[in-house]
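Read through the structure below, which is laid out as structure tokens, and then see the notes.
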Amino acid sequence: AGMMTGRTAVRAPLMRDTLHLVTAADFVGLRPVFVPLLARRFRGSPFFRNLAGVDQDAVAEVARVHLEAGPKTAAELGRLLAEQWPGRDPLSLAMVVRPRLALVQIPPRGVWGSGGLPTWALAEDWLGRRVGTDARPDRLVRRYLAALGPATIADIQNWSGLSGIRTVVERLRDELLVFHDERGRALYDVPEAPRPDPGTPAPPRYLPEYDNLLLGHHDRTRVMAVEHKTPLFPGSGGVLGSVLLDGRFAGGWQIVRGGRSDPSSVSLKVDLLAPASATDRRALATEGEQLLAFAAAGAKVRDVVIGGGG
């Protein structure tokens, strides 16, 4: 919360044209990389089709003036723009700014435990610093590999939403290591990345919704069984978090707050897909207690309930 309100972290559309929480420094550096993606997604949207014959660059410049006067929700900005372009869909007019203006979503939206309508500000006004101009994704690719490699070109494209990744990897090839999987596909990695022995046991982990480990690979069978590959379990991964046992997807979890018997209690509900050993269940409970200590530090009663598994 302090980083959001202190303007050292921001929410903004980046990878895959979805909202991400990143440091201010990362946003000003990465925003130019994703402008072509944002523009491509906008051109394929109904908003673009609603504005046939409209000078969209002119819309963006008028929108800039309104945003310089202060942050706006999309609805507020759309109403203002519709005054100059009457008869046009206000929301479509507001969406013109997405690829053209560097915007960030400001607090209280995105602050833990807070809410409010999504409100947008010009990034340079909010952060007091200029957005970069380098649109090359080389640094982004290296950072992806440092976090999620070894990975294929398709993995990097799936995670980022960017096209032309093969050209970037070829440009970086002298800086990367190349492996091959069982199917002969090239896997790229940065030399300094840790590569533990394949037999090293992985501790249990609770992943949040839309975690990059699940979204960051084109071939999700690296983490989950074929029957759960598409879509992510459950739905698109946005309802429950995911449980990993020995590095593999094993079920879902959610935090349930309060109840009629004890409104101050908080429970971590775990629903396993298959039976787990007593050792794994104890490790899940220990890890779950640490999760609750972070996510529900103020709760008087905290417990971990592990169910499912047949």
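So the values come out like this:
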| read-out | value |
| --- | --- |
| Output for the stretch 29-46, where each listed residue is open to solvent by less than 60 Å² (accessible area, probe 1.4 Å) and part of a helix (DSSP H, G or I) | 29, 30, 31, 32, 33, 34, 35, 37, 38, 39, 42 |
| Whichever residue in the stretch 220-268 is at pLDDT 85 or above and assigned to a loop (DSSP other than H, G, I, E, B) and, among such residues, is surrounded by the fewest Cβ atoms within 10 Å (Cβ to Cβ) | 246 |
| In the stretch 52-69, residue surrounded by the most Cβ atoms within 10 Å (Cβ to Cβ) [restricted to those that are free of Cβ contacts under 8 Å to residues at least 12 places away in the same chain and of a type outside the set (Asp, Glu)] | 58 |
| All positions within the stretch 283-300 that are over 23 Å from the mean Cα position of the chain (by Cα) and closer than 14 Å to residue 257 by Cα | 293, 297, 298, 299, 300 |
| Qualifying positions in the stretch 161-186 - under 16 Å from residue 148 (Cα atoms), in contact with a strand residue (DSSP E or B) (Cβ under 9 Å, 6 or more places away or on another chain) and part of a helix (DSSP H, G or I) | 169 |
| Whichever residue in the stretch 110-124 is surrounded by 15 or more Cβ atoms within 10 Å (Cβ to Cβ) and part of a loop (DSSP other than H, G, I, E, B) and, among such residues, is nearest to the chain's Cα centre (by Cα) | 110 |
| Residue within the stretch 80-88 that is touching a residue at least 40 places away in the same chain (Cβ under 8 Å) and either under 30 Å from residue 2 (Cα atoms) or not in a helix (DSSP H, G or I) (or both) present | no |
| Residue within the stretch 201-212 that is closer than 25 Å to residue 287 by Cα, out of contact with any Gly (no Cβ under 7 Å at 6 or more places or on another chain), at pLDDT 90 or above and not in a strand (DSSP E or B) present | yes |
| Breaking point among (1) of a type in the set (A, V, I, L, M); (2) free of Cβ contacts under 8 Å to residues at least 24 places away in the same chain; (3) surrounded by fewer than 17 Cβ atoms within 10 Å (Cβ to Cβ), for residue 14 | (3) |
| Selection count, the stretch 158-209, where residues are open to solvent by less than 70 Å² (accessible area, probe 1.4 Å) and closer than 24 Å to residue 21 by Cβ | 11 |
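The values are calculated or read from the model by the stated rules, or taken from the named source; none is laboratory data. Source: prediction; values computed, not measured. Backbone-built Cβ (ideal geometry, glycine too); neighbour counts: all protein chains shown. Note: areas computed on protein heavy atoms with side chains; ligands, DNA, RNA excluded. Shrake-Rupley method; radii C 1.70, N 1.55, O 1.52, S 1.80 Å.
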